[in-house]
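The values are calculated or read from the model by the stated rules, or taken from the named source; none is laboratory data. Note that the structure is predicted; figures quoted are calculated from it, not measured. In this analysis, Cβ positions are derived from the backbone assuming ideal geometry, glycine residues included, and neighbour counts consider all displayed protein chains.
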Amino acid sequence: MTTILFNKPYGVLSQFTDEGTGHPTLKDYIDVPGVYAAGRLDRDSEGLLLLTDDGGLIKHLTDPVSHVEKVYWSLVEGEPTSEKLETLAKGVVLAGSGYGTLPCKVRAIPEPNLPPRSKPVTPHGPTSWLELRLREGKKRQVRLMTAAVGLFTLRLVRAAIGPLELGGLAPGAWRELTAQELRSLTG
């Protein structure tokens, strides 16, 4: 069994084929046959992506019933008041889908030590960093959640999945999980 921790750069699709879009894909970074992403990050998001050839592990990591926590750092435009953070923590209804998110943990954090993004962020007002800890993952969920309270995500980085963290892994770099790390995901 092969399981890979990858630091997905900004602008890269979370799949191995570009389907004619012209965007970079996982195949531009990872030459390991038979592995697939356990969940996705949209093209504009960065950070930790797990790839594996174990279908059971993919199901475990992506099924909300498993309650595997994912940690996101979101650079938002706007003022994250205590009321907005409390609303996010209780759960919000996502625009367009009507889906109500599960409660989550959210807090303002100091700017994390991240490498510059290939396309610089250009805010039009004050910005802040938030840390969101979710146990579910809908399409563009963090961006839709922050927008629901008037905080617009300018940069989004997944920093952790369960006990696994990006650590010092550079954007575009990957490594195989150790046996101990793999056990920590499923234990």
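For the structure I just gave you, tell me whether Val149 is surrounded by 12 or more Cβ atoms within 10 Å (Cβ to Cβ), under 19 Å from Pro171 (Cβ atoms) and touching a residue at least 24 places away in the same chain (Cβ under 8 Å).
Values: surrounded by 12 or more Cβ atoms within 10 Å (Cβ to Cβ): yes; under 19 Å from Pro171 (Cβ atoms): no; touching a residue at least 24 places away in the same chain (Cβ under 8 Å): yes.
No; evaluated as a whole, the condition is false for this residue.
Here is a list: Lys119, Lys138. Which entry is out of contact with any Leu (no Cβ under 8 Å at 6 or more places or on another chain) and of a type in the set (D, E, K, R)? Walk me through it before giving the result.
Values: Lys138 fails: out of contact with any Leu (no Cβ under 8 Å at 6 or more places or on another chain).
Among Lys119, Lys138, only Lys119 is out of contact with any Leu (no Cβ under 8 Å at 6 or more places or on another chain) and of a type in the set (D, E, K, R).
If I filter the range 136-169 down to residues being of a type in the set (Gly, Ala, Ser) and in a loop (DSSP other than H, G, I, E, B), which single residue comes out as modelled with the highest pLDDT?
First pass over the range 136-169, keeping only residues of a type in the set (Gly, Ala, Ser): 137, 147-148, 150, 159-160, 162, 167-168.
From what's left, in a loop (DSSP other than H, G, I, E, B): 137, 150, 162, 167-168.
On the way: Gly137: 81, Gly150: 96, Gly162: 92, Gly167: 86, Gly168: 88.
Per the stated criteria, the residue is Gly150.
Being more than 30 Å from His23 (Cα to Cα) and surrounded by fewer than 18 Cβ atoms within 10 Å (Cβ to Cβ): is that true of Pro103 here?
Yes; evaluated as a whole, the condition is true for this residue.
Condition check: in contact (Cβ under 8 Å) with a residue 40 or more places away in the chain, over 16 Å from the mean Cα position of the chain (by Cα) and outside the structural domain of Val93 (by TED's automatic domain parsing). Does Leu177 satisfy that?
On the way: in contact (Cβ under 8 Å) with a residue 40 or more places away in the chain: yes; over 16 Å from the mean Cα position of the chain (by Cα): yes; outside the structural domain of Val93 (by TED's automatic domain parsing): yes.
Answer is yes for this residue.
If Gly172 satisfies every condition in (1) in a helix (DSSP H, G or I); (2) in contact with a strand residue (DSSP E or B) (Cβ under 9 Å, 6 or more places away or on another chain); (3) assigned by TED's automatic domain parsing to the domain that holds Ile4 but one, which is the exception?
Against the list (1) in a helix (DSSP H, G or I); (2) in contact with a strand residue (DSSP E or B) (Cβ under 9 Å, 6 or more places away or on another chain); (3) assigned by TED's automatic domain parsing to the domain that holds Ile4, Gly172 comes up short only on (1).
Anything in the range 77-105 that is within 14 Å of Gln141 (Cα to Cα), aliphatic (A, V, I, L, M) and not in a loop (DSSP other than H, G, I, E, B)? List them, or say none.
Matches in the range 77-105: Leu88, Ala89, Val93.
Give Glu69, Glu83, Glu46 a once-over and let me know the one that is surrounded by 16 or more Cβ atoms within 10 Å (Cβ to Cβ), charged (D, E, K, R) and on the phi < 0 side of the Ramachandran plot.
On the way: Glu69 fails: surrounded by 16 or more Cβ atoms within 10 Å (Cβ to Cβ); Glu83 fails: surrounded by 16 or more Cβ atoms within 10 Å (Cβ to Cβ).
Exactly one of Glu69, Glu83, Glu46 is surrounded by 16 or more Cβ atoms within 10 Å (Cβ to Cβ), charged (D, E, K, R) and on the phi < 0 side of the Ramachandran plot, namely Glu46.
Checking the structure you have, find out if any residue of the range 49-66 is outside the structural domain of Pro120 (by TED's automatic domain parsing), crowded, with 21+ Cβ neighbours inside 10 Å, touching a Phe, Trp or Tyr at 6+ places or on another chain (Cβ under 7 Å) and closer than 22 Å to Arg117 by Cα.
Checked the range 49-66: at least one residue is outside the structural domain of Pro120 (by TED's automatic domain parsing), crowded, with 21+ Cβ neighbours inside 10 Å, touching a Phe, Trp or Tyr at 6+ places or on another chain (Cβ under 7 Å) and closer than 22 Å to Arg117 by Cα.
Report whether or not Glu77 is over 13 Å from the mean Cα position of the chain (by Cα), modelled with pLDDT of 95 or more and among the acidic types (Asp, Glu). Spell out how you get there, then give the answer.
Details: over 13 Å from the mean Cα position of the chain (by Cα): yes; modelled with pLDDT of 95 or more: yes; among the acidic types (Asp, Glu): yes.
It is true that Glu77 is over 13 Å from the mean Cα position of the chain (by Cα), modelled with pLDDT of 95 or more and among the acidic types (Asp, Glu).
Taking the range 148-180 on its own, how many of its residues are closer than 14 Å to Leu51 by Cβ and of a type in the set (Asp, Glu)?
1
With outside any loop (DSSP other than H, G, I, E, B), under 15 Å from the mean Cα position of the chain (by Cα) and not hydrophobic (A, V, I, L, M, F, W, C) as the only criterion, which of Gly56, Gly47 stands out? Break it down into steps so the answer makes sense when it comes.
On the way: Gly56 fails: under 15 Å from the mean Cα position of the chain (by Cα).
Only one candidate passes the filter, namely Gly47.
Which of the numbered conditions does Thr21 fail, given that it passes all the others? Conditions: (1) touching a Ser or Thr at 6+ places or on another chain (Cβ under 9 Å); (2) surrounded by fewer than 17 Cβ atoms within 10 Å (Cβ to Cβ).
The failed condition is (1).
Take Ser66 and decide whether it is touching a His at 6+ places or on another chain (Cβ under 9 Å), without any contact (Cβ under 8 Å) to a residue 40 or more places away in the chain and among the small types (Gly, Ala, Ser).
Against the criterion (touching a His at 6+ places or on another chain (Cβ under 9 Å), without any contact (Cβ under 8 Å) to a residue 40 or more places away in the chain and among the small types (Gly, Ala, Ser)), Ser66 qualifies.
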